[in-house]
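As structure tokens, the structure follows; a few thoughts come after it.
The values are calculated or read from the model by the stated rules, or taken from the named source; none is laboratory data. Model, not experiment: these values are computed from the prediction. Here the Cβ positions follow ideal geometry from the backbone for every residue, glycine too, while neighbour counts run over all protein chains shown.
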DNA sequence: AACTCGGGGCA
DNA sequence: TGCCCAGAGTT
């Protein structure tokens, strides 16, 4: 375990030099808007989400605004990002739940967030650290894949990997580490054809060791 | 555990 | 132009 933490620290150092700027894409005005944007981000990218949120939040910004919308109306606003019908339903239902059960405020606990429609582990974690600045380690497919290739985790499911990563990194670094692993996963440690030859983490990587040495 | 939703990006 | 990618819900 000590050895793993040393490795984690070195990887963190290399990645933080390579990706120095923290993600600012999730810079929304209210927890509710961040929640909506995060629900929208399922199965797509922040870039895509940002294309629709600026216009969207000009027109609708509070849970009350979304709770009254027809699915078709919202769907039309977000149709360029895919899965728009189901996402519209999730957001409208969640808005109503926030009003009806959570007194108009986005819930702050993981378990309550999970009760919302369209909110799973990853989305709930993002809301906790991005909207409420509390420790969470969102595990999306990039984090899952990259941390397993590196040998930072060997869990078979995201829950297990999340547990292992939380053991490995200091609490106040979870959010940043999540971003670094995502960047690295998108740009280098890609799902299909990873650019191992240009990867600065070769020395620490189980995947590289097993496939190229 | 497999299937569904739906676009954009890239070979 | 067809294949791959990215979460959550449903069956």
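Some points to look at:
- In the stretch A:137-205, counting only helices (runs of 4 or more DSSP H) that sit wholly within it, the ones holding 1 or more residues that are free of Cβ contacts under 8 Å to residues at least 12 places away in the same chain span A:158-168, A:174-187.
- Scan the stretch A:169-202 for residues that are over 15 Å from the mean Cα position of the chain (by Cα), closer than 23 Å to residue A:132 by Cβ and surrounded by 14 or more Cβ atoms within 10 Å (Cβ to Cβ) and the total you get is 1.
- Checked across the stretch A:118-129, the condition of being under 30 Å from residue A:6 (Cβ atoms), more than 13 Å from DNA strand C (Cβ to nearest atom), within 16 Å of the chain's Cα centre (by Cα) and crowded, with 16+ Cβ neighbours inside 10 Å holds for at least one residue.
- Test result for residue A:80, within 16 Å of DNA strand B (Cβ to nearest atom) and out of contact with any helix residue (DSSP H, G or I) (no Cβ under 9 Å at 6 or more places or on another chain): no
- One residue from A:38, A:24, A:44 being part of a loop (DSSP other than H, G, I, E, B) and either at pLDDT below 85 or buried (at least 20 other Cβ atoms within 10 Å of the Cβ) (or both): A:24
- Answer from A:80, A:94 - the residue that is touching a residue at least 12 places away in the same chain (Cβ under 8 Å), part of a helix (DSSP H, G or I) and surrounded by 16 or more Cβ atoms within 10 Å (Cβ to Cβ): A:94
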